[in-house]
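Structure record follows, encoded as C-alpha cells.
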Amino acid sequence: MRKLYIGLFIVLVVFAAGCISGGGTTPAPTTTTTANLPFTPDDMENAIKSLKSYEYTMHVDSYNGTKLVAQLSNEGAIDFERKLKSVSTFSNSSVGGGSYYRSYYYTTSSGYASYFDRNGTVTWEASCYGPGEGPDFNSTILSGLWEVLNIDNVKVVEDGDYYVIYANETGGTAIGPNVTNAYKTRIEVRLTKNLVPVEIKKTVYYEKGGAKWVDVITIDVRNPNAAVVEPPEELIEYLKAQGIDLTDFLSGC
C-alpha cells in the first residue's frame with residue numbers, strides 16, 4: 001500500500017465494509033503532464049506540514065454492486081501547536097444482519113478521554129499521560145497525500161483559484177477479510193494555490209467475497225490555521241453521567 005493511503009485509511013479500520021487503496025477521476029482536457037507539473041511532491045508536502053491546524057469531515061459510502069450497504073462519517077479537528085485533537089466517528093452497515101459503531105475522542109498535551117459504542121457495548125477511558133508521553137500527531141488525515149503526484153500519468157488542472165490533481169491506478173493492496181482484488185482506484189485532490197488541500201475524492205473498485213464493491217470517499221478540509229478544537233459534546237455528556245467533568249479532569253493532568 002502506498003504511503004498516500006496510510007493517512008486516508010487510519011479511520012477506516014473500524015469500517016465494516018473493508019476498503020482498498022488506489023487513485024483519481026477522468027481528467028479535464030487542459031492538463032499538465034507528470035513531467036511538467038506546476039509543483040513537486042516536496043512542495044505539496046511542505047505546504048501540508050506547515051499547517052498549524054485544520055478541521056475536516058470524511059464520508060464513506062460502500063456499495064455492494066449498486067446497493068448502498070455501509071456508511072462511515074468522521075469529523076475531526078487538530079491543532080499541532082497546542083497539541084489538541086478531537087475526533088467523532090459513526091459507521092453503520094447492513095452486512096451480516098446490521099451493525100453500528102460510534103466513537104468520540106479528545107486529547108490535550110497532558111491527557112485524553114475516549115468513548116466507544118459498538119452495537120451497544122460501551123467502553124470509555126479518561127487518563128493523564130505519563131512522563132515522556134503525549135498525543136501522537138505523526139499520522140493524520142492528510143499524511144502522505146503528496147505521494148499522489150508520484151502516480152504514473154498524474155495530471156494537474158488549474159481551476160480558478162485552485163489546482164485539481166487527477167490520478168488513476170489499477171491494482172492495489174486489499175484491506176479487510178475476503179477482499180481479493182482492488183482493480184481500479186480514482187483520486188481527485190483540490191488544492192488552493194498555496195497547495196493546501198480543501199477536498200479529496202476517492203473511488204475504489206474492488207472484489208470482496210466474490211462480489212464487486214465500490215467505496216466512495218470524500219474528505220473536506222476547513223479552516224486551515226484557524227481550527228477550533230473542542231471535545232465532542234457526546235463525550236462530555238457521557239463522562240458527566242459517570243461523574244467526571246472533562247475540563248476539570250484534564251486541567252488536573
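The values are calculated or read from the model by the stated rules, or taken from the named source; none is laboratory data. Computed from a predicted model, the values in this text were never measured in an experiment. A quick note on method: Cβ atoms are made from the backbone with ideal geometry, for glycine too, and the neighbour counts reach across all protein chains shown.
Given the structure, is residue 89 of a type outside the set (Phe, Trp, Tyr) and free of Cβ contacts under 8 Å to residues at least 60 places away in the same chain?
Working: of a type outside the set (Phe, Trp, Tyr): yes; free of Cβ contacts under 8 Å to residues at least 60 places away in the same chain: no.
So residue 89 does not fit the description; no.
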Looking only at residues that are in contact with a strand residue (DSSP E or B) (Cβ under 9 Å, 6 or more places away or on another chain) and without any contact (Cβ under 8 Å) to a residue 12 or more places away in the chain in the range 211-239, which one is surrounded by the most Cβ atoms within 10 Å (Cβ to Cβ)? 236
Say whether the condition of being at pLDDT 85 or above, surrounded by 16 or more Cβ atoms within 10 Å (Cβ to Cβ) and charged (D, E, K, R) is met by at least one residue in the range 1-23. no
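Yes/no per residue for (1) farther than 27 Å from residue 190 by Cβ; (2) touching a Leu at 6+ places or on another chain (Cβ under 8 Å); (3) acidic (Asp, Glu):
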site: 38; (1), (2), (3): no, no, no
site: 41; (1), (2), (3): no, yes, no
site: 70; (1), (2), (3): no, no, no
site: 75; (1), (2), (3): no, no, yes
site: 81; (1), (2), (3): no, no, yes
site: 86; (1), (2), (3): no, no, no
site: 93; (1), (2), (3): yes, no, no
site: 102; (1), (2), (3): yes, no, no
How many of the residues making up the range 123-147 are β-branched (Val, Ile, Thr) and in contact (Cβ under 8 Å) with a residue 24 or more places away in the chain? 2
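State which residue is nearest to the chain's Cα centre (by Cα) when the search covers only the range 32-77 and only residues that are among the hydrophobic types (A, V, I, L, M, F, W, C) and at pLDDT below 90. It would help to see each step written out before you state the result.
First, the residues of the range 32-77 that are among the hydrophobic types (A, V, I, L, M, F, W, C): 35, 37, 39, 44, 47-48, 51, 58, 60, 68-70, 72, 77.
Filter once more, so that each one left must be at pLDDT below 90: 35, 37.
Working: 35: 29, 37: 26 Å.
Filtering first and then ranking leaves 37.
What is the residue count in the range 152-174 for residues that are in a loop (DSSP other than H, G, I, E, B) and modelled with pLDDT under 90? Even if it seems obvious, please write down each step before you answer.
First, pick out the residues of the range 152-174 that are in a loop (DSSP other than H, G, I, E, B): 152-154, 160-161, 170-173.
Restricting the remaining residues to those that are modelled with pLDDT under 90 gives 152-153, 170-173.
Selection size over the range 152-174: 6.
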